[in-house]
Amino acid sequence: MPASSPATYSFRAAALAQLGGLMGILTLIVVLVQLGQIDPRPVARLLALLQGGIAATVALRQHAPPWWLGIHLAFVPLVVFAQDLDIAPGWFLALFLLLLTTFWRTDKSRVPLYLTNRATATALLELLPPGFHQVIDLGCGDGGLLRRLALARPDCRFVGIEHAPLTWLVAHLSTLSLDNVSIRRGDFWTEPLGGYHLVYAFLSTAPMPQLWEKLKQEMAPEARFVSNSFAVPDIEPTQEIAVADRRGTRLYLYTLPPAR
């Protein structure tokens, strides 16, 4: 069966995979202790590697995306190996805070951090005809796309919405010198979309149906919605654009049907 997408493979499923690996190791430890043939310190790394293998096997049976298999393989072994390193506890807290402020609540939004590359920015510029246009990026990440667009089209206005604190801060600071860019921290679900000529999103499959309903209610008839990589389910795009980049990016363009 095909692998799950990031939208369908949940953190609950990932936790179950890790739990399956831990249960397998605990069972093995109990057996070895009963036999009197275990010294936890010399075999700790081997057991950690075995746990990672079991967790990855469970995730494979769950049809997890391939990159989750690597996470399951490495998670517990890295924790065990780190015990042998002379690392102050504060560094682990700092790493946790860095990850938290970068990815924020991806377990709730089901939207990973995706960054738009230069080739896609060039393709988007070709969708902006001459004249003033307002463009919004729903989940703008570090603001790299908006910087490129704003520098190329100083006659247009660009807005970015980002909910993760650290990536919002990076986007905000990196666009301070650009008068035609505004970066806001918040939830794009509360942002009215009626005043924009082009709405751009690089999200995941999870929010697309709900986002399409929001667009139908708020987007102006002449405006366009561009989704990077993730099509709106059961809705035929007005146009598809193949971006000439290494990952084979596809842009899905949508316009609202004319009012009756």
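The values are calculated or read from the model by the stated rules, or taken from the named source; none is laboratory data. All values derive from a computational prediction rather than experimental measurement. A quick note on method: Cβ atoms are made from the backbone with ideal geometry, for glycine too, and the neighbour counts reach across all protein chains shown.
Just checking, does region 223-240 include any residue being under 17 Å from D137 (Cβ atoms), part of a helix (DSSP H, G or I) and without any contact (Cβ under 8 Å) to a residue 40 or more places away in the chain? There is no residue in region 223-240 that is under 17 Å from D137 (Cβ atoms), part of a helix (DSSP H, G or I) and without any contact (Cβ under 8 Å) to a residue 40 or more places away in the chain.
State which residue is surrounded by the most Cβ atoms within 10 Å (Cβ to Cβ) when the search covers only region 137-153 and only residues that are in contact with a strand residue (DSSP E or B) (Cβ under 9 Å, 6 or more places away or on another chain) and closer than 15 Å to L178 by Cα.
At the first step, the residues of region 137-153 found to be in contact with a strand residue (DSSP E or B) (Cβ under 9 Å, 6 or more places away or on another chain) are 137-143, 145-147, 149-150, 153.
If we keep only those that are closer than 15 Å to L178 by Cα too, we end up with 142-143, 145-147, 149-150, 153.
Values: D142: 24, G143: 26, L145: 25, L146: 28, R147: 20, L149: 24, A150: 22, R153: 18.
Looking at residues that are in contact with a strand residue (DSSP E or B) (Cβ under 9 Å, 6 or more places away or on another chain) and closer than 15 Å to L178 by Cα, I get L146.
Please verify whether W189 is under 17 Å from the mean Cα position of the chain (by Cα) and either surrounded by fewer than 18 Cβ atoms within 10 Å (Cβ to Cβ) or in a helix (DSSP H, G or I) (or both), treating the condition exactly as stated. Answer is yes for this residue. The set of residues in region 118-144 that are within 22 Å of M219 (Cα to Cα), in contact (Cβ under 8 Å) with a residue 40 or more places away in the chain and outside any loop (DSSP other than H, G, I, E, B) comprises A123, L124, Q134, V135, I136, D137, L138.
Contact map, region 155-169: first residue assigned by TED's automatic domain parsing to the domain that holds H197, second residue among the acidic types (D, E) and surrounded by 19 or more Cβ atoms within 10 Å (Cβ to Cβ), Cβ cut-off under 8 Å, separation 6 or more or different chains; pairs are F158/D137; V159/D137; G160/D137; I161/D137; T167/D142; W168/E162. Residues that are at pLDDT below 95 and not in a strand (DSSP E or B) within region 145-170 comprise H163, A164, P165, L166, T167, W168, L169, V170, listed in sequence order.
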